[in-house]
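Working notes for the structure below.
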Amino acid sequence: MAAGQATARQQRGGSEVDEERALAELELAWADGGYHGFSAGDGLWSAISSAGDVLTGHTPDALTRTIRAHWQAMQ
(Lines give C-alpha, C1' and ligand atoms only; values in the text may rest on other atoms or scores of the structure.)
Protein backbone atom coordinates (compact mmCIF):
# COMPACT_ATOMS: atom_id res chain seq x y z
CA MET A 1 0.00 0.00 0.00
CA ALA A 2 1.33 3.42 -0.88
CA ALA A 3 2.15 5.79 1.97
CA GLY A 4 -0.46 8.31 0.79
CA GLN A 5 -3.18 5.68 0.82
CA ALA A 6 -2.28 4.58 4.35
CA THR A 7 -2.32 8.18 5.58
CA ALA A 8 -5.69 8.88 3.96
CA ARG A 9 -7.17 5.75 5.49
CA GLN A 10 -5.87 6.67 8.95
CA GLN A 11 -7.31 10.17 8.69
CA ARG A 12 -10.78 8.84 7.92
CA GLY A 13 -10.96 7.19 11.30
CA GLY A 14 -12.59 3.96 12.34
CA SER A 15 -16.08 5.39 12.81
CA GLU A 16 -16.54 6.63 9.25
CA VAL A 17 -18.48 4.39 6.89
CA ASP A 18 -18.75 4.35 3.12
CA GLU A 19 -22.50 5.06 3.09
CA GLU A 20 -23.12 3.96 -0.50
CA ARG A 21 -21.36 0.66 0.03
CA ALA A 22 -23.05 0.02 3.38
CA LEU A 23 -26.49 0.83 1.95
CA ALA A 24 -25.88 -1.52 -0.98
CA GLU A 25 -24.85 -4.30 1.43
CA LEU A 26 -27.92 -3.75 3.60
CA GLU A 27 -30.17 -3.90 0.55
CA LEU A 28 -28.47 -7.04 -0.70
CA ALA A 29 -28.82 -8.71 2.69
CA TRP A 30 -32.43 -7.71 3.48
CA ALA A 31 -34.37 -6.91 0.29
CA ASP A 32 -35.54 -10.52 -0.11
CA GLY A 33 -36.77 -10.39 3.50
CA GLY A 34 -39.17 -7.57 2.64
CA TYR A 35 -37.10 -4.55 3.61
CA HIS A 36 -36.50 -1.61 1.28
CA GLY A 37 -36.00 2.16 1.24
CA PHE A 38 -32.60 1.99 2.92
CA SER A 39 -31.14 5.40 3.68
CA ALA A 40 -28.63 7.19 5.86
CA GLY A 41 -28.43 10.79 6.95
CA ASP A 42 -27.61 12.91 9.96
CA GLY A 43 -26.26 9.89 11.83
CA LEU A 44 -29.43 7.82 11.41
CA TRP A 45 -29.71 4.73 9.23
CA SER A 46 -33.15 3.49 8.27
CA ALA A 47 -35.13 0.91 6.33
CA ILE A 48 -38.81 0.33 5.68
CA SER A 49 -40.43 -3.06 6.18
CA SER A 50 -42.97 -4.49 3.74
CA ALA A 51 -45.62 -3.64 6.38
CA GLY A 52 -44.53 0.01 6.33
CA ASP A 53 -42.65 -0.01 9.64
CA VAL A 54 -39.69 2.39 9.71
CA LEU A 55 -36.68 0.78 11.38
CA THR A 56 -33.67 2.80 12.47
CA GLY A 57 -30.21 2.56 13.95
CA HIS A 58 -27.31 4.93 14.51
CA THR A 59 -24.88 2.72 12.57
CA PRO A 60 -25.24 0.11 9.82
CA ASP A 61 -24.65 -2.61 12.44
CA ALA A 62 -27.32 -1.16 14.74
CA LEU A 63 -29.77 -1.04 11.84
CA THR A 64 -28.94 -4.66 11.01
CA ARG A 65 -29.67 -5.69 14.61
CA THR A 66 -32.98 -3.79 14.51
CA ILE A 67 -33.97 -5.42 11.21
CA ARG A 68 -32.95 -8.87 12.45
CA ALA A 69 -35.04 -8.44 15.64
CA HIS A 70 -38.01 -7.20 13.58
CA TRP A 71 -37.70 -10.06 11.12
CA GLN A 72 -37.50 -12.64 13.92
CA ALA A 73 -40.55 -11.15 15.63
CA MET A 74 -42.50 -11.46 12.38
CA GLN A 75 -41.65 -15.18 11.97
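The values are calculated or read from the model by the stated rules, or taken from the named source; none is laboratory data. Nothing here was measured: the structure is a model prediction, and the numbers come from that model. Heavy atoms of the whole protein, side chains included, go into the accessibility calculation; ligands, DNA and RNA do not. Shrake-Rupley method; radii C 1.70, N 1.55, O 1.52, S 1.80 Å.
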Sorting Asp32, Asp18 by accessible area (1.4 Å probe), largest first, what list results?
-> Asp32, Asp18
Using a 1.4 Å probe and counting only protein heavy atoms, arrange Leu23, Leu55, Leu44 so the residue with the most accessible area comes first.
-> Leu44, Leu23, Leu55
Area of Glu20 that stays accessible when all protein chains are in place (1.4 Å probe, Å², to 10) = 150 Å²
Calc'd 3J(HN,Hα), the range 26-42, phi into Karplus 6.51 cos²θ - 1.76 cosθ + 1.60 (θ = phi - 60°), Hz, glycine/Pro = x, comes to 4, 5, 4, 6, 10, 4, 5, x, x, 10, 8, x, 5, 8, 9, x, 6
Note: Met74 to Asp61 extended length (0.36 nm per residue) minus current alpha-carbon separation gives 2.7 nm
Would you please give the residues with an amide H less than 5 Å from that of Thr59, counting only those at least 5 places away or on a separate chain, with H modeled from the backbone geometry?
-> Trp45
How much accessible area does Thr56 have with a 1.4 Å probe, in Å² rounded to the nearest 10?
-> 60 Å²
Debye sum, Cα scatterers, the range 32-75, no solvent: what log₁₀ I/I(0) at q = 0.26, 0.27 1/Å?
-> -0.88, -0.94
